[in-house]
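Chemist: Mind having a look at this structure? Questions to follow.
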Amino acid sequence: MLNVLVKNAVLEFGRVVKAQEQVVAGTLHHLTIEAIDAGKKKIYEAKVWVKPWLNFKDLQEFKHTGDSPSFTPSDLGAKKDGHGPGWKEVPVHDPEIQHAADHAVNSIQQRSNSLLPYVLQEIMHAKAEVIDEFAKFKMLLKVKRGEKEEKFNVEVHKKNEGGFLLNQMEQDHS
């Protein structure tokens, strides 16, 4: 795995998002890459000049261009027109899933008249779908309220600006 040191921060390489080549005296590679900085996905643009006959590689430019959404249409195999294959299984330990689950539990608590707090025990299952302006997460959550364990099927939407919304919630009695 490639790691880059930028201003005393270590970035962990995620993936190449876009690549273009320009033939000069050698090749100038224009790369858009995703890297993880302190657990947060960010997008960087890099220009790398390569002259293979001289064993020469030089990083001409490397700049942060914005934060990356945790899930993109390409991650989920979704098409830009929104008519992709739909929901896709996602890892329950992904930070974005964790944030969505925390939001769901907080929303369940706010809608409840219980004095006992709901505590997230486990994200048992998670799926995601990306549509142009937002991502949708379906999760099965195991929560505890006092001594009682309950399960909820929830659907949480996340807008590209970052706000979460609990769209659906239903207690699972299985």
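The values are calculated or read from the model by the stated rules, or taken from the named source; none is laboratory data. Just so you know, these numbers come straight off a predicted model, no measurement behind them. A quick note on method: Cβ atoms are made from the backbone with ideal geometry, for glycine too, and the neighbour counts reach across all protein chains shown. Just the protein is used for accessible areas: all its heavy atoms, side chains included, with ligands, DNA and RNA removed. Shrake-Rupley method; radii C 1.70, N 1.55, O 1.52, S 1.80 Å.
Chemist: Among the listed residues Gln168, Gln110, which satisfies the condition of being open to solvent by 90 Å² or more (accessible area, probe 1.4 Å) and either touching a strand residue (DSSP E or B) at 6+ places or on another chain (Cβ under 8 Å) or closer than 26 Å to Ala38 by Cβ (or both)?
Modeler: Gln168 is the lone residue from the list that is open to solvent by 90 Å² or more (accessible area, probe 1.4 Å) and either touching a strand residue (DSSP E or B) at 6+ places or on another chain (Cβ under 8 Å) or closer than 26 Å to Ala38 by Cβ (or both).
Chemist: Can you find even one residue in the stretch 87-102 that is within 30 Å of Glu150 (Cβ to Cβ), modelled with pLDDT under 90, among the basic types (Lys, Arg) and surrounded by 12 or more Cβ atoms within 10 Å (Cβ to Cβ)?
Modeler: yes
Chemist: Would it be correct to say that Asn8 is modelled with pLDDT under 80 and either within 24 Å of Leu166 (Cα to Cα) or surrounded by fewer than 11 Cβ atoms within 10 Å (Cβ to Cβ) (or both)?
Modeler: Taking the combined requirement at face value, the residue satisfies it.
Chemist: Taking the stretch 131-164 only, how many residues are assigned to a strand (DSSP E or B), surrounded by 11 or more Cβ atoms within 10 Å (Cβ to Cβ) and without any contact (Cβ under 8 Å) to a residue 60 or more places away in the chain?
Modeler: The total comes to 22.
Chemist: If you don't mind, another one. Restricting the search to the stretch 17-56, which residues are among the charged types (D, E, K, R) and open to solvent by 60 Å² or more (accessible area, probe 1.4 Å)?
Modeler: Result: Lys18, Glu21, Lys40, Glu45, Lys47.
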